[in-house]
Amino acid sequence: MTERPQVMPAEQRYAAELEFLAAYDSGPRPPGWKLTPAAVVTFVLGGQTLELPEPHPVAPPTMEISRKFVGERALVERAVVTLAGDRGLLLVGEPGTAKSMLSELLSAAVSGSSALTVQGTAGTTEEHFRYGWNYGLLLAKGPTEEALVPSPVLTAMRRGAVVRVEEITRCLPEVQDALVSLLSDRRMAVPELGSNISSAEGFTVIATANLRDRGVSEMSAALKRRFNFETVPPIGDLESEVDLVRRQAGAALSRHGRDFAVDELVLRALVTAFRDLRGGQAEEGWAVERPATVMSTAEAVGVATSMGLQGTYLGGVDETALLPGYLLGTVHKDDPEDRGRLLAYWDTAVRRRAEAEAAPWKRLHELRHLLEG
Amino acid sequence: MSETDPASLVDALHSSKSPHLIGVRHHSPALAAAMPDLLAAAEPDAVCVELPQELGEWTRWLAHPGTLAPVACSVIDATGERLGFYPFADFSPELAALRWARENDVPVYAIDLPSGHPRGSEFREHDPLSAAFGRAAGVDDTEELWDRLVESRSYGADPQALRRAALAVGVAMRGEAGPSEADALREAWMRKEIAATGASRPVAVIGSFHAAALIGDHTEPDLSGPVAPVTCAVVPYTFALLDSRSGYPAGIRDPEWQQAVWESKGEATAVERHATRVITEVCGKMRAAGHAAGTPDALAGHSLAMGLSALRGLTAPGRREVIEALGSVLGQGDQLGRAAAVARACEAVLVGDRRGELPPDAPRAGLLSHVEQACDELKIPRDGRAKQLKLAPHRSPLDRKRHALLTRTRVCGVPFGKRRELAGIGDQDSLGREWTVKWEPRTAATLDWLSTYGPTLAHAATGLLRQRWIDPEATTAHRLGFFEAAVEADLPGLLAEFTARMREDVVATAGLPELLTAYHLLGRAGTDPVLRAEVAAAAINAVGGLAGSGEAADIRALAELVRLSRAEHEHLGAERLVWQLARLTEDASPPTRGAAAAALTLLDRRPHQWLGELAASWAEDADGERAAGALRGALLVAGDLWDADPDLWEPLARRLESWPERDFWPRLPALREGFDALSTAARERLFRTVSGRYGDDTALGRLEVAPELLAAWAAADEAGRIAAAGGEDTGDDLAPESPVDGAETVDRWRLILGRESDRLSASYRRGALALDDLYGSGHGEGSMGIGAVGGTSGGVGAAEPSIREWAEDLAELFGSRVREEVLARAAGRGRLDAILQLDPGHVTPSVDLLTRVLGLAGAMPESKLAPLRRLAARLVEELTKALATKMRPALTGLTTARPTRRHTGRLDLARTVRANLHTVQDGTTLVPERLVFRSRGARSADWDVHILVDVSGSMERSTVYSALVAAVLHGVPALSVHLTTFSTDVVDLTEHVSDPLSLLMEVSIGGGTDIGKGLRYVRDRIKVPSRTILAVVSDFEEGASVSRMLEEFRQLATGGTHVLGLAALDDKGEPVYNKAIAGRIADAGVPVAALSPSQLADWIAAKVRA
């Protein structure tokens, strides 16, 4: 095991909170669940300080549940209720909207582990969903239980836990369809061993899918009907997004042992520019041309982190002057027209804000030449 | 009052006896169901309701047993302004109170401030409870708050506890701030009125926001004031209008749901049953719309709704839980397709279509009398005879009012006035309006029926237009029509609404001509300059979609846009326009390139000299079509500049001077064609300017002198010049050594501009005659009269040459290649027999020629069709051969299987063994670490290729190419090809695929564009979606519903079909398309591109092999 892993899984990072919540809410739990549904919702959304109703031998009397997922409460409620039902949960949305984070939190809260994950790629095969073989043992000793290498799905079925399938639409259609019978019959047949493995109570699937991308295969209609779809929208509110970017970039920089020192105004300008270009409408209501690239929150965090790192390690940089270059790099990925769109944004919204003498927009408007490259 | 803590205030309100307080929200099923119990418990001797005093006598009609809810009361003043509007349904607590009072013989009093009071009309339709919610809670969705705090906890609750909860909500929302000045006035009036009833146990049924004002001591403001007379009416209403999304005031969401909750009278199990029924009905509606939604989906929806209500601590699922459950279970994350269908189904089931009725003896509604009165005032005749009215709305206010009234009746569909369109000059709107009015019995009947939509014509027209705009099936063209109607009918409130919605409803899907229309309409309406600027920006954006166009209409739209940019928005958007134009000058069809270059000059981004040089370089182009096209484009946009600035025509003049005969003659037809874009008067002006440069003596034409003499004179002149300059040859720079002298250059200009053919020298006159035959006297300004072209023959000289002679002339003068061009152009201009002169054996096959030939096919009489067919057959054959050669490399080898690592189930044993030999240890055991499989080789005719072609425009190159490509693909064994054309009708031409000529002959051009219909047709014919390729060749100017088209695309894409949108299918790759709509199609998951046939073949092959 590594000394200090770069990213800790949710069940380890928030182990104390999970323990507290298990003691806090002693209501009925769906079969196989570690927490009650209400407690799961509280865990995912966070932002409260709770007190235990009666003293518990291990858990502390009060605890602050940290904010994790920034979004609608109703969305989380629906996700939790779906997991308690017969269908799987499919989180869809644009890249960078924290779908994977939400699925990790949900699985950590419901079954105590987010490690049972299948990463979907174009090279994913049925073995990743069913089982594989240790060919050496198979050839040496023939088909036995020992030679079977269970997939995370099979492990989850046996244990009654939550299995996460990331980017399910990247798998080839015939591979995706392996899930169809699993979700309806909840049973896997292993003909080589002559057995049928049924799933234990509490087995469910959380999948994520990214709809707006290349290299994505469509899900079959039969598979779609085994899932409840929840669209995870980008963050609706400017303040929350600024807050989130600051927090996450700060966390990333603290791993380098530094403080997050990007100027607040520049950070706001960065997030505002991202929101304007993402939504096609400026905060003030003017229309803005949307570039073809997705301007996600995760990307904004990345840019903020880079700006912070540049300030830290290369020192003495003017952050405002960095911003146009970073924006151009983010926007101009596939379509050459996107540079024109960014220029158009500069000519309309940024210019108007500069005319209204708002800092740092005035300076940014002067730096237009950096975009023309 | 602010010192009292809220809890004790609520207690005080709850226990108050005189008056006994029942605080309500104006539509609340819980309170309406509990109202009879509450009133029975209170045993009142007077029931006071929060309605304006003038409506007091109408309450008996509301409570009448023959009245079926929903109904509405409206109050208007003398000028027709609406002072108040009060809809009622079964689930309105006030209506429940009125009914109880009637049954139990308790007198009813309307205690609110009279609408005719000077302060009576403020904030009337604005429910103060909602406003307070908004202020206090910082939440927009105020209805949801009441739903959560009162409605959803009401099942099985004790009525008194419910009453207390409602009063508590009112207190909380009233909060610290207290009422506004207008509300304080109303509350004071209510207090006065309750006291004035003289009842000992009055009950007050009022909005719970106001409850706190009716107990305790208050300062009494001055309530005096003249009460103006008002007109009241009770009209039947509908749930569709009661729904708060209809735009009518004081509505509530999903009336049918509220009705069902009311009917369950507070029982949780009844509400749950109803929720189940709603979910099942929505699934049924989805099935009817063609989406898969069966019983398991309904079950999943039910369990999600019940789970949500349990999690949220409710005893029965509420409206919100049901809608969220349906969205998650049926929506499949698909905003454009299924989710929209789910929303529509929910709306149909939850809003419902109930319509109210009034008892037969109730007084009739006011709309009819209002219109009669208005007509009499404005002197519009109502005597049953037809009368013509000529109106000048711009000059006379009376005429403007009349025009507004008549437009409003027309918009409402009332058969009263018919308008005759007066065409204006050029692009201007006509200033006058002519109407024919006739009042018929039908008129009165329709007005009566329309009273549901409003008490006055303005309200009715507003309501109807708004409904039509909101309808998702409305197209951009329709909406612009509604906007214009709103301008004409003088409805400022509606205009403001439309302007607010213009962005998402119109700008998002309009093409360039529509955007320009919108721009002009916004100017006429005089609203919102910011929006106008945005429309201009969107128009600039749409310019990119014109790249492949050659149509004069598109070029003119571009010219209009440039004119607007110069005149009005010099700073905003000009950069972007310039950027677009710069790209178009490099990469577009010749007319667009020329137009873009001229536009750049007009915008002062390039000097005139640049354009002049460019024009000269186009003239030098050997390809006549390109030269002609580019010149046409430039002249259509900037034609007026040419005679004004010598920088523009001097480079061309220099070229003309420098060309020897053999260079000039082949280029002449193209130049003539290009300059024909100018009107006759413009050409005349240009000719005058140009010829002036060469001096007057050239007007005499050349002298007929013997060549030897000319040579001797020239030599003498030359010797003299050298001697005069002192033996040095200075070499004059300004007059370059030209093989052509000034007089001949003027002649050449005469030929190019088609002027003064009678002054031409003999050798040129033949050429002039040949071309004048084609171009006639020109078009536009000056074509009738200024300087007859073609000489003063008047009976002398040969008759008009026959077409054969003409063709021979052309061959002699210009060469055979140019002859083909000119003949094709002649055919395009209507000289149909010209095309027959082309010899199939020697013609150069080109798609342009084929396009022209086929375009003529419809116009030809039967007898002439045979040679045309031969010509077309030859062209098709040659072109298909050329195309097949280009496409074949991509399509070979589709049927063979290739090795791959992907698990396809067919092990390629040899390759596997070879790949894993390194694992062999003891000689017999091989561990298959890496497996190699065989990909699925396509069996013959395994894949279906559907080509869907848009034939609503002219016969495009893309259409011809589609037919040729279909023919080539037909020859590939792995593919089976289907070709379908659509405009507003869908025609399946699959049986002609093997013979592209007959296919092209069958194609009928023209009509509107209904892409959704074409897609639906193809979708029904798809057998195996994952082995089907669909290429849609269109310009995506959807003429029917855009949302339906997007839904179809989405359905096809999600079904697994490989769909591709082709904005152009030809080897030049210059698309003409609506960029906004194409962007939305791309967002729906269908790529849109402009491909050449070989690129398309590559794409198809890649899909098949994968």
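A few notes on this one:
- Every condition in (1) outside any loop (DSSP other than H, G, I, E, B); (2) within 14 Å of chain A (Cβ to nearest Cβ) is met by residue B:344 except one, and the failing one is (2).
- Annotation: of all residues in the stretch A:136-148 being free of Cβ contacts under 8 Å to residues at least 24 places away in the same chain and buried (at least 16 other Cβ atoms within 10 Å of the Cβ), the one that is farthest from the other protein chains (Cβ to nearest Cβ) is A:147.
- Among the residues of the stretch B:316-336, those that are under 21 Å from residue B:30 (Cβ atoms) and within 9 Å of chain A (Cβ to nearest Cβ) comprise B:320, B:324.
- Residue in the stretch B:56-63 that is in contact with a Ser or Thr (Cβ under 8 Å, 6 or more places away or on another chain), in the same structural domain as residue B:161 (by TED's automatic domain parsing) and outside any loop (DSSP other than H, G, I, E, B) present: yes
- Residue selected from the stretch B:442-475 under the condition in a helix (DSSP H, G or I) and free of Cβ contacts under 8 Å to residues at least 40 places away in the same chain, by the criterion surrounded by the fewest Cβ atoms within 10 Å (Cβ to Cβ): B:442
- Any chance residue B:987 is under 27 Å from residue B:506 (Cβ atoms) and either out of contact with any Lys or Arg (no Cβ under 8 Å at 6 or more places or on another chain) or crowded, with 24+ Cβ neighbours inside 10 Å (or both): no
- Residue identified as at pLDDT 90 or above and not in a loop (DSSP other than H, G, I, E, B) among A:251, A:273: A:273
- Residue ID - nearest to residue A:91 (Cα to Cα), chosen from residues in the stretch A:216-246 that are within 12 Å of chain B (Cβ to nearest Cβ) and hydroxyl-bearing (Ser, Thr, Tyr): A:231
- When residue B:300 is tested against (1) over 26 Å from residue B:26 (Cα atoms); (2) outside any helix (DSSP H, G or I); (3) aliphatic (A, V, I, L, M), only condition (2) is not met.
- Here A:300, A:287, A:269 are screened, and the one residue that is more than 30 Å from residue B:1025 (Cα to Cα), surrounded by 21 or more Cβ atoms within 10 Å (Cβ to Cβ) and within 14 Å of chain B (Cβ to nearest Cβ) is A:287.
- Just one of (1) of a type outside the set (Lys, Arg); (2) without any contact (Cβ under 8 Å) to a residue 40 or more places away in the chain; (3) assigned to a helix (DSSP H, G or I) fails for residue A:349. It is (2).
- Within the stretch A:150-192, being more than 21 Å from residue A:81 (Cα to Cα), part of a loop (DSSP other than H, G, I, E, B) and either in contact with a Phe, Trp or Tyr (Cβ under 6 Å, 6 or more places away or on another chain) or among the hydrophobic types (A, V, I, L, M, F, W, C) (or both) holds for A:151, A:171, A:172.
- Any hit, the stretch B:1020-1033, residues being assigned to a helix (DSSP H, G or I), among the aliphatic types (A, V, I, L, M) and at pLDDT below 90: no
- Close pairs (9 angstrom Cβ cut-off, 6 or more residues apart or separate chains): within 17 Å of residue B:325 (Cβ to Cβ) in the stretch B:345-364, crowded, with 21+ Cβ neighbours inside 10 Å and among the small types (Gly, Ala, Ser) anywhere: B:345/B:293; B:346/B:327
- The stretch A:303-350, residues that are basic (Lys, Arg), within 14 Å of chain B (Cβ to nearest Cβ) and surrounded by fewer than 18 Cβ atoms within 10 Å (Cβ to Cβ): A:339
- Among the candidates A:108, A:140, A:200, residue that is closer than 20 Å to residue A:79 by Cβ and assigned by TED's automatic domain parsing to the domain that holds residue A:220: A:108
- Taking the stretch A:37-61 as the range and being out of contact with any strand residue (DSSP E or B) (no Cβ under 9 Å at 6 or more places or on another chain) and within 14 Å of chain B (Cβ to nearest Cβ) as the test, the residues that pass are A:37, A:38, A:39, A:40, A:41, A:44.
- Residue check, residue B:875 surrounded by 15 or more Cβ atoms within 10 Å (Cβ to Cβ), at pLDDT 75 or above and either within 28 Å of residue B:1005 (Cβ to Cβ) or not aliphatic (A, V, I, L, M) (or both): yes
- Verdict on residue A:34 being crowded, with 19+ Cβ neighbours inside 10 Å, within 14 Å of chain B (Cβ to nearest Cβ) and in contact (Cβ under 8 Å) with a residue 24 or more places away in the chain: no
- Index of the failed condition, residue A:119 passing every other in (1) within 14 Å of chain B (Cβ to nearest Cβ); (2) surrounded by fewer than 18 Cβ atoms within 10 Å (Cβ to Cβ): (1)
- When the helices (runs of 4 or more DSSP H) confined to the stretch B:497-581 are screened for residues that are within 13 Å of another protein chain (Cβ to nearest Cβ), those reaching at least 2 such residues are found at B:529-542.
- Qualifying residues in the stretch A:182-210 (those that are small (Gly, Ala, Ser) and within 19 Å of residue B:332 (Cα to Cα)) - the one surrounded by the most Cβ atoms within 10 Å (Cβ to Cβ): A:207
- Within the stretch B:948-958, considering residues that are surrounded by fewer than 24 Cβ atoms within 10 Å (Cβ to Cβ) and of a type in the set (Ser, Thr, Tyr), the one farthest from residue B:983 (Cα to Cα): B:954
- Any hit, the stretch B:971-992, residues being part of a helix (DSSP H, G or I), away from chain A (no Cβ under 14 Å) and either in contact with a Pro (Cβ under 7 Å, 6 or more places away or on another chain) or within 22 Å of residue B:1105 (Cβ to Cβ) (or both): no
- Options B:313, B:290: the member that is surrounded by fewer than 19 Cβ atoms within 10 Å (Cβ to Cβ), at pLDDT below 90 and within 12 Å of chain A (Cβ to nearest Cβ): B:313
- Residue count for the stretch A:64-105 satisfying the condition of being within 14 Å of chain B (Cβ to nearest Cβ), of a type in the set (A, V, I, L, M) and in contact (Cβ under 8 Å) with a residue 40 or more places away in the chain: 10.
Yes/no per residue for (1) within 46 Å of the chain's Cα centre (by Cα); (2) closer than 29 Å to residue B:461 by Cβ; (3) at pLDDT 80 or above:
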| site | (1), (2), (3) |
| --- | --- |
| B:51 | yes, yes, yes |
| B:79 | yes, yes, no |
| B:103 | no, no, yes |
| B:132 | yes, no, no |
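- Taking the conditions (1) within 27 Å of residue A:290 (Cβ to Cβ); (2) assigned to a strand (DSSP E or B) in turn, residue B:1015 satisfies each one other than (2).
The values are calculated or read from the model by the stated rules, or taken from the named source; none is laboratory data. Everything quoted here is computed from the prediction, not taken from an experiment. Please note: Cβ atoms are built from the backbone with ideal geometry, for glycine as well, and neighbour counts cover all protein chains shown.
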